[in-house]
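Below: the structure, in structure tokens.
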Amino acid sequence: MEIMMTSQTRLLGAALLFALASLPVSAGGPVTPVEEPMIAPIADVQDWQGLHFGIAASRPNGDNFFAERGESAASNPDDFSGTFPTVSAGYDWQRGNLVYGVALAISSGEITANPTTSVNFF
């Protein structure tokens with residue numbers, strides 16, 4: 001038995017093949033990406049309002065060398081000594097990003113230096 005392919009048979013086969021090949025494409029229609037709703041990030045709010053206290057202590061650093069112009073007077077370098085303690089207290093208020101307040105600081109101490117001064121007059 002011999003099968004003869006006519007132009008109608010070929011056209012029918014091509015149409016069937018095209019229909020089978022296009023089924024997955026046309027089954028769901030065109031696919032469009034779904035946009036997710038934008039969620040705003042939650043702001044990390046810092047609270048800077050309230051009472052605050054502080055202490056500090058300062059100590060001088062360096063030497064106290066000086067020279068007097070025109071007089072030929074100069075000091076031999078000597079280290080500073082002493083301390084300068086500070087105590088502070090205050091209160092801050094916050095409105096949005098603005099922080100403002102009041103503070104009181106009390107400092108007391110003594111810083112000394114005992115240079116040996118030499119004067120040369122020519």
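The values are calculated or read from the model by the stated rules, or taken from the named source; none is laboratory data. Just so it is clear, the model here is predicted, and its values are computed rather than measured. Backbone-built Cβ (ideal geometry, glycine too); neighbour counts: all protein chains shown.
Before we move on, is D47 of a type in the set (D, E, K, R), part of a strand (DSSP E or B) and at pLDDT 85 or above?
no
With the requirement that a residue be surrounded by fewer than 12 Cβ atoms within 10 Å (Cβ to Cβ), among the hydrophobic types (A, V, I, L, M, F, W, C) and within 27 Å of N61 (Cα to Cα), what does the stretch 78-109 give you?
Result: L104, A105, I106.
Could you identify the single residue in G90, G82 that is touching an Asp or Glu at 6+ places or on another chain (Cβ under 6 Å), of a type outside the set (S, T, N, Q) and modelled with pLDDT of 75 or more?
G82
Does the stretch 16-28 contain any residue that is β-branched (V, I, T) and at pLDDT below 80?
yes
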